[in-house]
1. Taking the highest mean first, how do the peptides 44-50, 20-26 order by number of other beta carbon atoms within 10 angstrom per residue?
2. Compute the long axis of helix 40-50 from its Cα atoms, compare it with the longest principal axis of the Cα atoms of the chain, and write down the angle in degrees, 0 to 90, nearest 10.
3. Taking only pairs that are 8 or more places apart or on different chains, how many Lys pairs in the stretch 13-60 have Cα atoms under 14 angstrom apart?
4. Using a 10 angstrom cutoff on alpha carbons, build the Gaussian network for the chain and name the most mobile of 27, 13, 36.
5. Taking the Cβ-Cβ separation of residue 63 and residue 42 as r and a Förster radius of 30 Å, what is the calculated FRET efficiency to the nearest 0.05?
6. How far is it, in nm, from the label point at residue 50 to the one at residue 29 when both lie 7 Å from their Cα along the line to the Cβ?
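Every read-out reported here was derived from the displayed coordinates using simple, explicitly stated rules and does not represent laboratory data. Model, not experiment: these values are computed from the prediction. Don't worry about glycine lacking a Cβ; one is built from the backbone with ideal geometry, like all the others, and counts go over all protein chains shown.
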Amino acid sequence: MKQRSGKNSKDISNILSAYEDKWVALSPDGKRVNASAKSLEQLEKKLRKLGDKDSIYTRVLPFDQTFAP
């Protein structure tokens with residue numbers, strides 16, 4: 001399988017390195033972390049307080065684990 005690369009590919013590892021094993025809310029453009037928490041519920045609570053409805057949620061896995069969909 002060929003890996004896609006190009007203008008639409010984003011390497012966000014540099015901004016996620018401080019959030020190992022946490023849930024994060026990324027800005028819609030994917031350039032910054034708006035909030036982070038240990039659980040998805042805590043993250044959603046933080047975002048509600050901020051009035052943030054546009055963030056993209058993702059989980060940063062522990063760096064010693066891999067994910068294969």
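1. Top to bottom by mean Cβ count within 10 Å: 20-26, 44-50.
2. 60
3. Number of lysine pairs found: 4.
4. Highest fluctuation of the listed residues: 13.
5. FRET efficiency, residue 63 to residue 42: 0.90.
6. Taking the simple label geometry, residue 50 and residue 29 are separated by 1.6 nm.
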